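What follows is a set of notes on a single structure, which appears directly below.
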Amino acid sequence: DPDMGFSGLRLFGTDLIARTTLKVRKDLQIQDFMMVDSPGMIDSPGMTGQDLTRKMQMDRGYDFARVTRWFAERADVILLFFDPDKPGTTGETLHILTKALVGVDHKLHIVLNKADQVQFIHDFARAYGALCWNLSKVITRKDLPRIYTMCTPVEGQPSSQEGSSSIKIGDGSSTGLDDLAKTREEVIGQVHKAPERRIDNITTRLYDHTSLLLMHCKVGDRIRR
């Protein structure tokens, strides 16, 4: 829908448009809000650089990294989900982290999801440690960003805001359940702040584009001279 600001996606070809669905909901409490759910990332061990880029384009029919960058630049909040059974950052995931999501750290939130699928606490610790280790190899920072650990509450049970956690781990042990429920509410809170952060993100993007334009003008002037 070009009226909603998505006309730029036409540059990526008809394969992307054919795989994209727009749903409009009118019975929500939140107004003026858009949520984009991207397809999961494909890991291709042993492939890097141009070989990986070509394989990504062949598998999907469009440049997934460039499309991800297009959305990331315009989004106000970005959630990157990992599962406990797949905490690695190889192949396409590594490519996205090092190429498409560079420079958007201020709105990127990393989530280790589906904690309710973990049977034992040491399995959860192993998955969390593996994710931290893999991220440390691709995120060029002294300290890693916060990793939110959360899962989806059981339908029909009260949420943590009502004083009862509905999260289950393995045999239903209550260890850490309240903390998982609280973290989930924090992630939801970050999403709800998206409209408030819109102006700040637009200002930041305008500043970046202005700086880039100024640099191009200086280079062009130097070449002309």
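Electrostatic bookkeeping for residue 179 treats Lys and Arg as +1 and Asp and Glu as -1; over the other residues with beta carbon under 13 Å from its beta carbon, the sum is -1.
Each residue was assigned an accessible area with a 1.4 Å probe, and for residue 136 the value is about 60 Å². Estimated at the nearest 10 Å², the accessible area of residue 68 is 30 Å² with a 1.4 Å probe. Tally Lys/Arg at +1 and Asp/Glu at -1 over every other residue whose Cβ is under 12 Å from the Cβ of residue 21; what's the total? Charge balance in the 12 Å sphere: 0.
The length gained by stretching the chain between residue 74 and residue 215 to full extension, at 0.36 nm per residue less their Cα-Cα distance, is 48.5 nm. Largest to smallest in accessible area, the residues 107, 23, 99, 142 fall in the order 142, 23, 99, 107 (1.4 Å probe, all protein chains included).
The values are calculated or read from the model by the stated rules, or taken from the named source; none is laboratory data. Since this is a predicted model, take the numbers as computed values, not measurements. We place every Cβ from the backbone using ideal geometry, glycine too, and count neighbours over all the protein chains shown. In case anyone asks, the SASA skips ligands and DNA or RNA and just uses the protein heavy atoms, side chains included. Shrake-Rupley method; radii C 1.70, N 1.55, O 1.52, S 1.80 Å.
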